[in-house]
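What follows draws every value from the coordinates through simple rules; no lab data is involved. All values derive from a computational prediction rather than experimental measurement. Heads up, the Cβs are rebuilt from the backbone with ideal geometry, glycines too, and the neighbour counts pull from every protein chain shown.
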Amino acid sequence: MKGVAVGAGYFAQFHYDAWQRLLKGGLAALCDTDAERAKATAAQFDVPCVYTDVAAMLDAEKPDFLDIITPPASHLLLVKLAAERGISVLCQKPLAPTLAEAEELVEVAEHAKIRLMVHENFRFQPWHRAIKRELDSGVIGKLHALTIRTRLGDGWQPDAYLARQPYFRTMPRLLIFETGVHFLDLMRFFGGELSRVSAWLSQRNPEIAGEDSGLIVAELASGVRAVWDADRYAEPLSSTSDPRLTFGEFLLEGSSGRLRLETSGRLTRKLLGQPEEEILYSFERRGFAGDCVFATLAHFRDALASGAPFETEGRDYLATLTAQEAVYRAAETGCPQILHRGINL
């Protein structure tokens, strides 16, 4: 399988490291408009060929897939270039600046009959896979409630985000568009489709353009009630915790007991009337958030090779983006938003 990638920014490092381990010989080529940055990244991850023009790279390399690791405004054009050449795509989130553009992107891929997977990596984090196994086993019974509390503490400084992802500062939508979409996808992963959302959003840091604090309350069609209480401005309660490992504390309550995920990655189960016990599972402190980029890319590679469906197929992921838009509308109007099968009513 021959792959190429476009993008050599901050997050791309996790992709290139994973491809080194997943593909014999790694990626065949990479592209970035900054030639020096592209050369430096290629040297670091042993990528043999460097380009500054995506179309030229696709025509010369004729790859099986393109991994898109660029800001969302570029995604539609890049998917069109791949679609014109019959090349499958793995595309980073946010998928597009607007829901309408994301829908067009998915339609371009479907019309060209190319495979499209959205790089939604939170569901591939090892603790979330362990939680899903527990839920599927039925050990805590029917899931009733999901509560998540996120305090990242990386957005209170006057120079917030400049060192890692400076474009965060000028994004008109930040917390939900960049981070909250992960948790909306997790709600779907754990409990099914969202049916109604309410939201309250605010901006704590006056030096940035978008919201950095919010509360989402969602009702799922399965009957689950989900809450995401998040703040990038406020610091975590524990000074020793790594807030960017799990990105939050999770509590899942069912008819027979509960599951609890700590920011350290420790996962416990408590059945009704029984003492709490730790659930043993393994994960590496490598790459990003438990090496979840590696797991995401491995799923893409394996499903692309076998023809199996992607967990985050482009069409299915539109339901997550529709929920995202409903959150913004709920916050703007002060009214709950009704959804049905990925459509905001």
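In loop segments of region 241-292 as defined by DSSP, the GluC sites (Glu not before Pro) with at most 11 further C-beta atoms inside 10 Å of their C-beta are Glu276, Glu284. For region 40-144, applying the loop criterion from DSSP together with a ceiling of 11 other beta carbons within 10 Å to the trypsin sites (Lys or Arg not before Pro) yields Lys113. Given R₀ = 22 Å, what would the calculated FRET efficiency be for Gln203 paired with Ala145, taking r from the Cβ atoms and rounding to 0.05? The formula returns an efficiency of 0.15 here. For Lys132, a cut-off of 30 angstrom between C-alpha atoms picks up these lysines, skipping any fewer than 8 places away in its own chain: Lys93, Lys142, Lys270.
Modelled spin-label separation between Glu36 and Ser306, with each label point placed 7 Å from Cα along the Cα-to-Cβ direction: 4.5 nm.
Here r is the Cβ-Cβ distance between Ser282 and Gln44 and R0 is 41 Å; the resulting FRET efficiency, rounded to 0.05, is 0.90. When the chain is treated as a Gaussian network with alpha carbon springs shorter than 10 Å, the biggest mean-square fluctuation among Arg286, Arg329, Arg244 belongs to Arg286. Taking the charge dipole of the chain about its Cα centre, with +1 at Lys and Arg Cβ atoms and -1 at Asp and Glu Cβ atoms, the residue from Ala209, Leu146, Pro158 reaching farthest to the positive side is Leu146. When peptides 28-39, 224-235 are sorted by average Cβ neighbour count within 10 Å, with the highest value leading, the order is 224-235, 28-39. Under a model in which nothing but the beta-carbon of Lys, Arg (+1) and Asp, Glu (-1) is charged, the chain shows a dipole of about 680 debye around its Cα centre. Taken about its Cα centre, region 3-114 carries a charge dipole of about 320 debye when Lys and Arg each add +1 at the Cβ and Asp and Glu each add -1 at the Cβ. In region 3-114, a dipole from Cβ-located charges (positive for Lys and Arg, negative for Asp and Glu) runs towards its positive end, and of Ala100, Ala73, Val54 it is Val54 whose Cα lies farthest in that direction.
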